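The structure appears below as structure tokens.
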Amino acid sequence: MSPITDIMSLTLGELKDFAESIGEKPFRAAQIFKWLHQKRAGDFDAMTDLPLQLRERLKAEFSFGHIKPVKILTSASDGTVKLLFELCDGNHVETVLMRYEHGDSLCVSTQAGCKMGCRFCASTIAGFKRNLEPCEILGQLYETERATGRKVSSIVLMGIGEPLDNFDNVVKFLQILSTPEGTDMSLRHVSLSTCGLVDRIYDLAALDLGLTLSISLHSPYDKKRSELMPINNRYHIPELMKACRDYFGRTGRRISFEYALIEGENDSYDDAKALVGLMKGMPAHINVIPVNKIKERSYRSDRGSAQRFCRLLCSLGANATVRRTLGADINAACGQLRREYEEN
Ligand code: SAH
């Protein structure tokens, strides 16, 4: 085990292996894990029921990095909070806390920057910096709860980055998040959004973690989708839909499709018809989102158009809703705050 591993990135199983390797009893691992992920200790010295010698050993063996919020914006209209975090190496990521009737939901980032190049997305414009470690994805949850005093009841992996492009760290994050000796969040309360890395969708289905899969679709036609989302040149829509059916077949979980409506690009009657056609024979939900304006692109739409398109989808037999717009007054669309901050 590398001496610079952040202790918060270890699963309980890995902590047990470590405890065993230094001749400690396995119960010590659970004790440490609880300090980290339940009591959210800020450092090793806070772990007062561990023998001093063990605490010293942990200090020598592991780092205990912290991500820190450098900007916190709270929406005056709906209680949405957007946080900009600085990572240990000076990179930045964004996290958004949203208030819903069923509780607070947190949108977390999984990479600093993104390689996927979706045309309408602010997170990918300056390219990719690096993958986030499990501790940095968890840190967004812990530091948001600490800073706001609110309790997060569900998580969406829909912030900066492509979660399936950081597969191992994301899976480890999910394992740590759902461990009973830690935060103990049921993965039924977690959604993972992907632009469609088909091979990884199969890998995820095989793990059957119980989370909801969201697919960023944005067009039912390969030609248009490839224009909007370069990943579509690698995995065409029929392949992607096959992977979605397989995911449903293996996990029994309904798939959610994200559809950012863009005027003149993907908002015609034919688009709606073809989109509904793709969903045939699979329980699916379509989330229509008025595309968020970013200053680098001229894509636009509005709520009225999204509502009309959504009604059209429903009249054609689909299960569709319009995503609520939250945090409009604080630029809550993903990637914009980070870009502004890093540009300045
Ligand atoms: N890489 C993953 C998750 C991050 S993006 C994915 O592609 O799903 C989260 C969601 O926001 C995706 O559905 C993405 O297509 C959408 N998105 C990005 N920029 C947007 C914008 N300007 N307006 C509306 N939705 C946007």
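Of note:
- The length gained by stretching the chain between ASP89 and THR74 to full extension, at 0.36 nm per residue less their Cα-Cα distance, is 2.8 nm.
- Ordered by the number of other Cβ atoms lying within 10 Å of each residue's own Cβ, fewest first, LEU326, LEU278 fall into the sequence LEU278, LEU326.
- Dipole magnitude of the stretch 68-343, debye to nearest 20 (Cβ charges: Lys/Arg +1, Asp/Glu -1, about Cα centre): 640 debye
- Relative packing of peptides 103-111, 291-299 - highest average C-beta neighbours within 10 Å first: 103-111, 291-299
- Cβ-Cβ FRET estimate between THR5 and TYR269, R0 fixed at 51 Å, reported to 0.05: 0.40
- Restraint check, LYS115/LYS224; LYS34/LYS59; LYS39/LYS151; LYS25/LYS151; LYS25/LYS59, Cα-Cα greater than 21 Å: LYS25/LYS151
- Over the Cα atoms of the stretch 7-61, the radius of gyration divided by the Kirkwood radius equals 0.90; this is the Rg/Rh ratio.
- Pairwise Cα distances in the chain exceed 39 Å for 16 percent of all pairs.
- Under the Karplus curve 6.51 cos²θ - 1.76 cosθ + 1.60, θ = phi - 60°, whole-Hz ³J(HN,Hα) for the stretch 236-249, x wherever Gly or Pro sits: 6, 4, x, 5, 5, 5, 5, 5, 5, 5, 5, 4, 5, x
- In order through the stretch 149-155: 3J(HN,Hα) via Karplus (6.51 cos²θ - 1.76 cosθ + 1.60), integer Hz, x for Gly, Pro: x, 9, 10, 7, 10, 8, 10
- Burial ordering of LEU54, LEU312, LEU164, LEU217, fewest other beta-carbon atoms within 10 Å first: LEU54, LEU312, LEU164, LEU217
- Fewest-first ranking of THR95, THR11, THR80, using other Cβ atoms within 10 Å as the exposure measure: THR11, THR80, THR95
- For the stretch 94-108, 3J(HN,Hα) per residue [Karplus equation, 6.51 cos²θ - 1.76 cosθ + 1.60, θ = phi - 60°, Hz, x = Gly/Pro]: 10, 9, 10, 9, 10, 9, 10, 4, 7, x, 8, 10, 10, 9, 10
- Pairwise FRET efficiency - ALA46 versus ARG323, Cβ, R0 = 45 Å, nearest 0.05: 0.65
Where a number appears in this text, it was derived from the coordinates with a stated rule and is not lab data. Quick caveat, the model's predicted, so the values are computed rather than measured. As a convention, Cβ positions derive from the backbone with ideal geometry for all residues, glycine included, and neighbour counts pool all protein chains shown.
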